[in-house]
1. Leaving out same-chain residues fewer than 8 places away, which lysines sit with a Cα under 16 Å from that of Lys132?
2. Place the peptides 147-153, 25-31, 100-106 in order of packing, highest mean first, counting for every residue the other Cβ atoms within 10 Å and averaging per peptide.
3. Run the quick spin-label model on Lys137 and Asp95: label points 7 Å from Cα toward the beta carbon, then report their separation in nm to one decimal.
4. Using a cut-off of under 14 Å, list every residue of the stretch 84-101 whose amide N is near the label point 7 Å from the Cα of Glu112 along the Cα-to-beta-carbon line.
5. Taking the mean number of other Cβ atoms within 10 Å as a proxy for protection, how do you rank 167-177, 39-49, 62-72 from highest to lowest?
Amino acid sequence: MAERENRRGRGRNREDETPEFADRLVAINRVSKTVKGGKRFGFAALVVVGDQKGRVGFGKGKAKEVPEAIRKATEQAKRQMIRVPLREGRTLHHDVEGRHGAGKVIMRTAPEGTGIIAGGPMRAVFEMLGVKDVVSKSIGSQNPYNMIRATLDGLKGEASPRQVAARRGKKVADILRKDEAPAEAEA
């Protein structure tokens, strides 16, 4: 009995210590099932969660009521978070392409002050990630689920100069172009 209470207590503490995540509702889909007495409605929610400091995840939830579907999606998103390295905490390190199904997205680094140039679901991912300057384009599928999965597929391939240097066994200054080397070496 005491062991059960202890387990429940730990779960609550874990949720209490992670209020730093922001979430964005991307899409809600209402589906109906026709039964003998009429129609039964169900809802599916797509949510993107992030700490706006380089971590982001998405989740989907289904339920008979909208708030319950959103809660389920948010919990799933928190479990599936990925970390993405950002340059100067505001943009991507290099241009990247992501694919999922028929969805294809292209994401490019941008100079300071550009802002987030992205369509609906991609914009939600970048805002929750903490990216401030990025230019992106979605080609192919406009389904929000596929767009988010393609965006995250591309972001998983994002690598910082430090990660590339460690993988190759070189110094960060050897990896970067000459005009970028002094600024990145200091950071």
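What follows draws every value from the coordinates through simple rules; no lab data is involved. Please read these numbers as outputs of a predicted model, since none were measured by experiment. Cβ: placed from backbone, ideal geometry, glycine included. Neighbour counts: every protein chain shown.
1. Lys53
2. 147-153, 100-106, 25-31
3. 1.0 nm
4. 87-91
5. Ranked from most to least packed, the peptides come out as 39-49, 62-72, 167-177.
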